[in-house]
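Only one structure is covered here, and it is reproduced in the block below.
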């Protein structure tokens, strides 16, 4: 299972040293960037300029999650900032725009994913499954860290796992992940766990081994 460490939990601390330390612990995991525009969600975080700066010393896979309105406006910027994948929200765009976004991301030779909020039925993604590299299940409401894991996320992971063999997507989960919930989502079929607070509080190889 891949661990994607959420940069959001480092933004108010000495993040360069923490990211370099994280890079020293692993070569196969991801650094995850939660980008919020203050419109799609109430919080505002950072933009592509900070991601570009970080990727001058981050050597891990840079995974960008756009919690933004009009995500198509940001794709080129994050590609140039060194992103390897971009995930946008199903709820942020019109259904007829989804494939336009998918194809736009691929234009920049990046992986593409879709994320859904806790109250969105996972079945809305059915017709898009053949075209996705990643599906991100939000197991908390997007926009804030430190929330409790929403148990209904497990059923969504199982739904995607049952169909996964026909396609090529990874199943990612974000929100309330610790050593206990990591075990639950792994058993349900998750491939990637986005971990913030729990890992930031103990950025050690043992913590990562426990999560796996």
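Where a number appears in this text, it was derived from the coordinates with a stated rule and is not lab data. Please read these numbers as outputs of a predicted model, since none were measured by experiment. No Cβ is skipped: glycine too gets one built from the backbone with ideal geometry, and neighbour counts run over all protein chains shown.
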Relative contact order %, segment 2-211, counting alpha carbon pairs below 8 Å whose residues are six or more apart: 19
Computed over segment 56-140: relative contact order in percent, which uses C-alpha pairs under 8 Å that are six or more apart: 27
Going fewest to most other Cβ atoms within 10 Å around each Cβ, 74, 34 line up as 74, 34
Cβ density ranking, 10 Å radius, fewest first, applied to 138, 1 yields 1, 138
Sum of -39500 (n - 2.57) over DSSP H runs of 4+, divided by residues of the chain (222 nm, nearest 500): -8500 deg cm²/dmol
Please report the spacing between the Cα centers of segment 83-106 and segment 118-148 in Å, no decimals. 13
